[in-house]
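The structure's right below; bear with me while I get my questions together.
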Amino acid sequence: MKSVAVRKSRGIRGTISAPGDKSITHRAIILGSLARGTTVVNGYLPSEDCLHTVSAFRSMGISIEEVQTAGGPLRIDGKGLHGLSEPSAVLDLGNSGTGLRLLTGVLAGQDFFSVLTGDESLRRRPMRRVVDPLRRMGAEINGREGGNLAPLGVRGRRLKGIAYALPVASAQVKSALLLAGLLAEGRTVLTEPLPSRDHTERMFRGLGISVEIKGAELSLEPPSEFAGCEIDVPGDFSSAAFFIVAATIVKDSELVIRHVGVNPTRTGLLNLLSEMGAEIRIENRREVNQEPVADLVVRSRPLKGIPIRPESVPKTIDEFPILCVAAAVAEGETVVRGAEELRVKETDRIQAIVRELSKLGVDLKELPDGLVIRGGRKLSGARCLSYGDHRIAMALAIAGLVAEGETVVEGTEWIETSFPGFERLLRSVGQ
Ligand code: S3P
């Protein structure tokens, strides 16, 4: 097991770029494989989660190679919507809920049999949320607990489009159904209780696939084919988030983060931190492949606690571990409600945050659907655990920057699932 030791920082300063967006990289690999012809993906994220998706498509006969050098663009030679071949072994998606759920949608409509699995954490996560609606589309999927838990066996079938109201705001469920909808006969119409990240819809549009959006309703008319293209992946806002909070809470900081995705379905943290008193300037707004991108300039500021409404949850969903670190140093109370989805992430994040930040001296109370943080106490270094969760590991490392003495985070090898090079980048700006 790997660990990282962090000491109190005297300022976070410099100019950095965040690694490529994980959600967009997954989608580029999947859609590039289903396109007809070549797709080139610039700035893709070579993290473990995304590399598992690459391996899965390679096992189904798709050539995916880095062009020129390691770290160069990715070239995918797509064979069309029905060009995948039956994999001869189980497809292992590692730690990635996005990989497993989105692939279940793709494989439900292929003319072959496949088995999908993942690591211990992924095999505990609920899959019924994609399996149930896919079965309504005609899919044949089996798994433990009646199809709720991976490994999942998928016997591909001819699918039909359905109208379906998602019970939870989930981009993974929405995207799995949109991908299945590409392979189905007739329209797929989806409604969401609250808007979740819309990278799939934006990439569909970029590829010329028609998705009509009317309020909370999405309607997809399946194309017979679509052609590959060039896709630029912006920096991942969810990775930048750790540095945004670090530069806000460590005194005497000024950090520039270049070329970050600022899709409004992802940037709830910016609104919440601003409400708490942070200073984050958004500069050079531009659009790259249908996705809004900007540079962020962050300066340290004292924060105050706030109530967080359930409507803010989907657009902040991956940022709660690091937001809770900001709330721990803020003066006053921060209350998070309507965030029960945090219990079914890579780990139960509500429980992990409460247990581990308590070790640093933070006053927290667990609620069934969130937590209460009474901020403003001095933090003191301690030994903490990652719970095998990349975002818990990174959030605790950032908390260590404002704690007295040394903080040791155990289990930091999990950071590789989304942010290779996190520790090196933090040391480069961390004084
Ligand atoms: C993701 C969607 C979110 C998010 C995850 C990535 C995606 O999950 O938490 O890290 O790429 O679609 P849910 O759909 O379960 O909310």
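The values are calculated or read from the model by the stated rules, or taken from the named source; none is laboratory data. All figures in this text were calculated on a predicted structure; none of them were measured in a lab. When we count neighbours, we look across all protein chains shown, and the Cβ atoms used for this are built from the backbone with ideal geometry, even at glycine. The area values use the complete protein model at the heavy-atom level, side chains included, leaving out ligands, DNA and RNA. Shrake-Rupley method; radii C 1.70, N 1.55, O 1.52, S 1.80 Å.
Between segment 166-187 and segment 1-38, how many Å separate their Cα centres?
Between the Cα centres of segment 166-187 and segment 1-38 lies a distance of 25 Å.
Looking at this model, which pairs from Lys214/Lys315; Lys174/Lys304; Lys160/Lys214; Lys2/Lys378; Lys251/Lys359 are more than 25 angstrom apart at the alpha-carbon?
Details: Lys214/Lys315 19 Å; Lys174/Lys304 35 Å; Lys160/Lys214 22 Å; Lys2/Lys378 27 Å; Lys251/Lys359 22 Å.
Going by Cα-Cα distance, Lys174/Lys304; Lys2/Lys378 fall outside the 25 Å limit.
Specify whether the C-alpha gyration tensor of segment 58-209 places it in the rounded, prolate or oblate class, a ≥ b ≥ c being the square roots of the eigenvalues: rounded for a/c under 1.5, otherwise prolate if a/b is larger than b/c and oblate if not. Can you show the working numbers first?
Details: a/c = 1.39, a/b = 1.18, b/c = 1.18.
In terms of gyration-tensor shape, rounded.
Please list the non-local residues whose amide H lies under 5 Å from the amide H of Glu406, H modeled 1.01 Å from N, same-chain partners needing a gap of 5 or more.
Those lying under 5 Å, H to H, from Glu406 are Gly381.
Quick one: what are the phi-derived ³J(HN,Hα) couplings along segment 408-424, Karplus 6.51/-1.76/1.60 with θ = phi - 60°, whole Hz, x for glycine and proline?
With the stated coefficients, segment 408-424 comes to 10, 9, 9, x, 7, 4, 5, 4, 4, 5, 10, 9, x, x, 4, 5, 4 Hz.
Take peptides 305-315, 244-254, 107-117 and line them up by average Cβ neighbours within 10 Å, highest first, as a rough protection proxy.
On the way: 305-315: 18.7, 244-254: 23.3, 107-117: 20.6.
Most protected by this proxy first, the peptides run 244-254, 107-117, 305-315.
Would you compute, from DSSP H runs of 4+ residues alone, the mean residue ellipticity of the chain at 222 nm, taking -39500 (n - 2.57) per run and dividing by the full residue count, rounded to the nearest 500? Walk me through the numbers before you get to the answer.
On the way: 13 runs with 132 residues, N = 431.
The helix-only estimate for the chain comes to -9000 deg cm²/dmol at 222 nm.
Restricting to Cα pairs below 8 Å that are 6+ residues apart, what does the relative contact order work out to for segment 22-221? Please round to a whole percent.
17 percent
Suppose all protein chains stay in the model; what accessible area per residue would a 1.4 Å probe give for the chain, in Å²? Walk me through the numbers on the way to the answer.
Numbers: 15870 Å² over 431 residues.
Result: 37 Å² per residue.
Cα centroids of segment 347-423 and segment 112-161: how far apart, whole angstrom?
33 Å
What is the sum of charges, Lys and Arg at +1 and Asp and Glu at -1, for the other residues whose Cβ falls under 12 Å from the Cβ of Ile162?
Once all neighbours under 12 Å are counted, the net charge is +2.
Right, something else. For the chain, report the translational diffusion coefficient in µm²/s to the nearest whole number, using Stokes-Einstein at 20 °C, 1.002 mPa s, and a Kirkwood Rh over Cα pairs.
D = 98 µm²/s.
Give the residues of segment 5-42 whose amide nitrogen is closer than 20 Å to a point set 7 Å from the Cα of Arg377 in the direction of its Cβ.
So the set is 8.
Now a separate question. What net charge is computed for the residues neighbouring Gln351, neighbours being all others with C-beta under 9 Å from the C-beta of Gln351, Lys and Arg scored +1, Asp and Glu -1?
Net charge in that neighbourhood comes out at +1.
Going highest first, how would you order 196-204, 181-189 by mean Cβ packing within 10 Å?
Values: 196-204: 23.7, 181-189: 20.1.
Result, highest mean first: 196-204, 181-189.
Using a 1.4 angstrom probe on heavy atoms only, work out the carbon and sulfur share of the accessible area of the chain in %.
With neighbouring chains kept in place, the figure for the chain is 49 percent.
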